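See below for the structure under consideration.
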Amino acid sequence: MSLKRIGANVAFGLYLLIAATPAFSQGLRGLQLFDTPDLSTVGRGQKPNEGFFISYDGLYWNISAPDTAVIGKEGLTRQVFYGPHPINDQDPESDMAIQSNSLDTSLLSGHSKWVGGQRVEIGRVVGHHGWILSFTELQSQVKSIANANVNMVLEDPDIDQQGHSSMQGIVGTIPIDPLPGEPFINVVKNLPITFDAMQVINTTNYWSIEWMYVGRSQEIGEGGFLEWYAGPRYTEFNDAFLVNGVGGNLDVTNWNTDAQNHIIAGQLGARYFKKVGRWMFNTEGRIFGGLNCQNITQSGVIGSSLTPPGELFEPLTLGPVAFSHASYERDFTPGVELRVELRYQMTRAISLRAGWSGTWMDNIARASQLTDYTFPNLGILPVNDRHGVYLNGVVVGLDINH
């Protein structure tokens, strides 16, 4: 099932469960949805709502981009034969040049892309105790860039004792002896890795579910109350980095790196709210930390249309190379969540609300940072998997409460 439908299904399913349970359904029938709100005061301020509640929020958030990554081996250059003509008989080193990487992910990192989402919460608070179940998800954040005439440098180790490597090919011929009619020999040189066009796509998904015990204080000041939370939290932050290259001497080449962060954490939090007439100001914060089980996979194919032995300006011995890698890491991920909201009570049980919410997490694996650009099988970097992530944006929703 798509994550885009989970939140609504969770809310509807929980509502049916409560409605079907006699002890709970009695509370639901007592919601008095459209009655005039009770604005009377008890003591120094208004009494807070109690009983069952359910809320739905629409989210419009941004997910911070990963650090800029080079498409290719960062800092590496190669002396290669560019051509485009066969090598000059009189000058075997003609048309040699230094190749470097020409594309990185700065265009992915340099702009924000906001996505929608939802948050569903359901719970019950009576007196000074209660519970809350919360589910949050965002739509997939997809960023892409496309460039033409891309140069790329990979680590190209020797494949035999003669010093030959995978990206070497015939660039022309020269005579064994500069006399007419003498036999010729092939000249083999390092070939550049170039693509006529390359597309880079980064896709990010986020969702979390949490259950918390709620404790509520006595009235603080005139109409203010403090609540504290404790409970488990599960979060998934998944990042995929897809590269497609076409044309050039490797023709169709692509690879996809997928970094999944499964965070099992404990959580503590606090909330302060104050009601004044129909208005209520609400602010809350949560801190969490726990085990991050990182599942990192990579698969792809290099030169899917190559047929050895290569012709002029093609890799001499390289054929299609399909590869698949997997890595499993364990780390500690801390996090902080903050919320600020203003609510307006329309009826006894229905309130509208709007505000801001933000979440920060550390030690998160981002897929674009994990590619080991070693020819021809690529690979997964073993260490470069710890990055901070910041999600934040506006929240608009409603809640139904006693």
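The values are calculated or read from the model by the stated rules, or taken from the named source; none is laboratory data. Here the structure is a predicted model, which is why all the values come from computation and not from measurement. Note that we place each Cβ from the backbone using ideal geometry, even for glycine, and neighbour counts take in every protein chain shown.
So the values come out like this:
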{"item": "Unmet criterion (only one of (1) over 30 Å from Lys189 (Cα atoms); (2) in contact (Cβ under 8 Å) with a residue 40 or more places away in the chain; (3) within 25 Å of the chain's Cα centre (by Cα); (4) surrounded by fewer than 18 Cβ atoms within 10 Å (Cβ to Cβ)) for Gly358", "result": "(2)"}
{"item": "Flag for Gly285 being surrounded by fewer than 19 Cβ atoms within 10 Å (Cβ to Cβ) and either in contact with a Pro (Cβ under 6 Å, 6 or more places away or on another chain) or without any contact (Cβ under 8 Å) to a residue 12 or more places away in the chain (or both)", "result": "no"}
{"item": "Single condition Leu291 does not satisfy, out of (1) of a type in the set (A, V, I, L, M); (2) modelled with pLDDT of 95 or more; (3) more than 21 Å from the chain's Cα centre (by Cα)", "result": "(3)"}
{"item": "Count of residues meeting criterion [modelled with pLDDT under 80 and outside any loop (DSSP other than H, G, I, E, B)] in the range 36-79", "result": "4"}
{"item": "Residue in the range 219-247 that is surrounded by the most Cβ atoms within 10 Å (Cβ to Cβ), counting only those that are more than 20 Å from Arg339 (Cβ to Cβ) and of a type in the set (Val, Ile, Thr)", "result": "Val243"}
{"item": "Some residue of the range 156-164 being part of a strand (DSSP E or B), touching a Gly at 6+ places or on another chain (Cβ under 7 Å), surrounded by fewer than 20 Cβ atoms within 10 Å (Cβ to Cβ) and modelled with pLDDT under 85", "result": "no"}
{"item": "Test: residue in the range 248-258 that is buried (at least 20 other Cβ atoms within 10 Å of the Cβ), modelled with pLDDT under 95 and of a type in the set (Gly, Ala, Ser)", "result": "yes"}
{"item": "Any hit, the range 260-278, residues being among the hydrophobic types (A, V, I, L, M, F, W, C) and within 17 Å of the chain's Cα centre (by Cα)", "result": "yes"}
{"item": "Residues within the range 313-349 that are of a type in the set (A, V, I, L, M) and either farther than 30 Å from Gln118 by Cβ or surrounded by 18 or more Cβ atoms within 10 Å (Cβ to Cβ) (or both), tallied", "result": "6"}
{"item": "Condition check for Gly172: at pLDDT below 95, small (Gly, Ala, Ser), buried (at least 19 other Cβ atoms within 10 Å of the Cβ) and in a strand (DSSP E or B)", "result": "yes"}
{"item": "Cβ-Cβ under 6 Å pairs, at least 6 apart or on other chains, the range 249-276 side charged (D, E, K, R), far side surrounded by fewer than 20 Cβ atoms within 10 Å (Cβ to Cβ) and assigned to a strand (DSSP E or B)", "result": "Asp258/Ala240; Asp258/Thr297; Arg271/Glu284; Lys274/Gly224; Lys274/Phe281"}
{"item": "Qualifying residues in the range 200-218 (those that are under 18 Å from the mean Cα position of the chain (by Cα), over 21 Å from Ser134 (Cα atoms) and not hydroxyl-bearing (Ser, Thr, Tyr)) - the one surrounded by the fewest Cβ atoms within 10 Å (Cβ to Cβ)", "result": "Ile201"}
{"item": "Restricting the range 175-203 to residues that are farther than 30 Å from Ser64 by Cβ, in a strand (DSSP E or B) and not β-branched (Val, Ile, Thr), the residue that is modelled with the lowest pLDDT", "result": "Pro175"}
